[in-house]
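The values are calculated or read from the model by the stated rules, or taken from the named source; none is laboratory data. The structure presented is a predicted model; accordingly, all values stated were derived computationally and were not measured. Cβ coordinates were reconstructed from backbone atoms using ideal geometry, including for glycine residues, and neighbour counts include every protein chain displayed. Note: accessible area is taken over every heavy atom of the protein model, side chains too, but ligands, DNA and RNA are not part of it. Shrake-Rupley method; radii C 1.70, N 1.55, O 1.52, S 1.80 Å.
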Amino acid sequence: VQLQASGGGLVQAGGSLRLSCAASGRTERNFGMGWFRQATGKEREFVAAISWDDGSTYYGDSVKGRFTISRDNAKNTVYLQMNSLNPEDTAVYYCAVRWGNNYGNAWHGAYDYWGQGTQVTVSS
């Protein structure tokens, strides 16, 4: 499975960005998808995840109420709408796939494939 993330960039505090991640290749099975982020000098942090079948969503505490994850199964694409951004959201954002598993998960070790990352920078 190949994952192509896009939509990162530079935004002022309080602004919004929408990330996209398209999966290709071995997409014949259902898969949960997730977003993680890693700021410089920090560990990888769970952001959000979504299940394949019922679209159940899960969020990290730091983004609840501000970020929304969604997916288009027909396009094998997951989205992350990020609102009310603040400088603490600055990081490289990675999308990931749990191949053959319906459900999203907050643990990075549960994922089988990772995208290349897209930089999000929030200025104060």
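Checking every one of the GluC sites (Glu not before Pro) in the stretch 8-63 against DSSP loop status and a limit of 16 other Cβ atoms within 10 Å picks out Glu28, Glu43.
Backbone geometry of the stretch 36-49 corresponds, through the Karplus equation with coefficients 6.51, -1.76 and 1.60 at θ = phi - 60°, to 3J(HN,Hα) couplings of 10, 9, 9, 8, 4, x, 10, 6, 5, 10, 5, 10, 6, 8 Hz, x marking Gly and Pro.
The phi-based Karplus calculation (6.51 cos²θ - 1.76 cosθ + 1.60; θ = phi - 60°) puts the 3J(HN,Hα) values of the stretch 53-58 at 7, 9, x, 4, 10, 9 Hz, whole numbers, x for Gly and Pro.
Post the alpha-carbon centroid distance, the stretch 34-54 to the stretch 65-86, in whole angstrom. Their Cα centres are 12 Å away from one another.
With only Lys, Arg, Asp and Glu charged, each at its Cβ (+1 for the first two, -1 for the last two), find how big the charge dipole of the stretch 1-99 is about the Cα centre; round to the nearest 20 debye.
Dipole of the stretch 1-99, to the nearest 20 debye: 160 debye.
Close amide H contacts of Asn101 (hydrogens built in the peptide plane, cut-off under 5 Å, sequence separation of 5 or more or a different chain): Gly32. Shown are Trp99, Trp114, whose ranking by accessible area with a 1.4 Å probe and every protein chain present, most to least, is Trp114, Trp99.
The alpha carbons of the chain occupy a box of 43, 25, 24 Å along the principal axes, longest dimension given first.
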